[in-house]
Amino acid sequence: MKVIDPEQTRRAMAFQLWMDAPNPMVTFFKTLDVTPLVKMSGRKNLKFNMLLDYCIGKAASGIEEFYTLPVGRQLLQYDSIAVNTIVKNRQGEVSSCDILFTDDLAAFNRDYLQYTAQVAESCENRDLTDSMVIGTSAIIQVELDGAVGMNSGIYNNPFIIWGRYKRKLFRYDLTISFQFHHIQMDGAHGGRFLANLQDAINSMK
């Protein structure tokens, strides 16, 4: 991770336009066909949320803009991407757990199971400060039509929220919200990420 000069990047104009904006966050809503994940989860005894986190990392890893992030009044560049998941800990509260993305699904699954278990037991967050982290929150108790994250002015990372998937005859749909900082990317990049995400889901066998 390093500080870079925004003027030497493709985000120079966005940095000028949105650095002092009162609300620089953009939120997209998208309904995904998650049937391949539901079937793979049951067939291979893998957690649905782990599979979705993996697909999120895979979809983001091919987009250059995901590797930069405005932090404070600086633009940071990262070499890696991590996906955050919220864990219910042994005290009945929630803790945060970052999982470094790797294209190797078996390795990602091992890390996911190991570190979420550690966080649940220790009740301590696992933060990967050297990676660009995509936040997630799964509200699986309810089918959500949409959710908008907060604009804290501190946490500018991309953030994805979803609820329980919905069964539609022979398929399963999941509506997600995807929030991102306008300095990090434009709407076209966000749209490409969502298309990549559906492609990554479709590729799961």
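Ligands, DNA and RNA aside, Asp79 has an accessible area near 140 Å² when probed at 1.4 Å.
For the stretch 38-95, what is the relative contact order in percent, using Cα pairs closer than 8 Å and at least 6 residues apart in sequence? Mind dumping the intermediate values first?
Values: 36 pairs, mean separation 12.9, N = 58.
Rounded, it is 22 percent for the stretch 38-95.
Rolling a 1.4 Å probe over the protein heavy atoms of the stretch 65-205, with every protein chain left in place, gives an accessible area that is 51 percent carbon and sulfur.
For the chain, the longest principal axis of the Cα atoms and the long axis of helix 48-61 meet at an angle of about 30 degrees.
Based on alpha-carbon positions alone, could you give the equivalent ellipsoid semi-axes of the stretch 37-106 from the gyration tensor, as √(5λ), descending, whole Å?
Working: eigenvalues 135, 71, 13 Å².
Taking √(5λ) for each eigenvalue gives 26, 19, 8 Å, largest first.
Taking 4 °C and 1.567 mPa s as conditions, the stretch 110-179 diffuses translationally at an estimated 90 µm²/s according to Stokes-Einstein applied to its Kirkwood radius (Cα pairs).
Give the ranking of Arg11, Arg171, Arg90 by solvent-accessible surface, highest area first, calculated with a 1.4 Å probe.
Numbers: Arg11 15, Arg171 100, Arg90 155 Å².
Ranked from most to least accessible, the order is Arg90, Arg171, Arg11.
When DSSP assigns beta bridges and you keep just the ones with both residues in the chain, what percent turn out antiparallel, to the nearest 5? Could the numbers behind the result be given before it?
Working: 30 of 38 bridges.
Restricted to the chain, the bridges split so that about 80 percent are antiparallel.
For the stretch 71-158, the extents of the C-alpha atoms along the principal axes are 37, 32, 25 Å, listed from largest to smallest. The mean sequence separation of alpha-carbon pairs under 8 Å and at least six residues apart, normalised by the residue count of the chain, gives a relative contact order of 30 percent. Of the residues Phe180, Asn151, Asn202, the one whose Cα sits farthest towards the positive end of the charge dipole of the stretch 138-205 is Asn202 (charges of +1 on Lys and Arg Cβ, -1 on Asp and Glu Cβ, taken about the Cα centre). In this simple spin-label approximation, Val71 and Asp5 carry label points 7 Å from Cα along the Cα→Cβ vector, and these lie 2.1 nm apart.
The residues of the chain expose, per residue, 51 Å² of accessible area to a 1.4 Å probe. What list of whole percents do you get for P(r) of the stretch 141-205, with Cα-Cα distances grouped in 10 Å bins up to the one holding the largest distance? Taking every Cα pair in the stretch 141-205, the percentages come to 18, 43, 31, 8, 0. Which angle from 0 to 90°, rounded to the nearest 10, does the C-alpha axis of helix 105-122 make with the longest principal axis of the chain? Result, in degrees: 90.
Counted over the stretch 100-205, the DSSP beta bridges are approximately 65% antiparallel.
With both labels modelled 7 Å from their Cα along Cα-to-Cβ, the His189 to Gln141 distance reads 3.6 nm. Cα convex hull, the stretch 49-205: 125 Å³ per residue, rounded to a whole number.
How many lysine pairs are close in the chain, with Cα atoms under 22 Å apart and the two 8 or more places apart or on different chains? Lysine pairs meeting the criterion: 21.
Each principal axis of the Cα atoms in the stretch 1-87 has its own extent, and those three values, largest first, are 49, 26, 25 angstrom.
Report the extension gain between Thr31 and Ile154 in nm, rounded to one decimal, defined as 0.36 nm multiplied by the number of residues separating them, less their alpha carbon distance. Spell out each step's value before the answer.
Details: separation 123, 0.36 × 123 = 44.28 nm, distance 2.82 nm.
Stretched fully, the Thr31-Ile154 segment lengthens by 41.5 nm.
The values are calculated or read from the model by the stated rules, or taken from the named source; none is laboratory data. These figures come from a predicted structure and were not determined experimentally. Cβ coordinates were reconstructed from backbone atoms using ideal geometry, including for glycine residues, and neighbour counts include every protein chain displayed. Note: accessible area is taken over every heavy atom of the protein model, side chains too, but ligands, DNA and RNA are not part of it. Shrake-Rupley method; radii C 1.70, N 1.55, O 1.52, S 1.80 Å.
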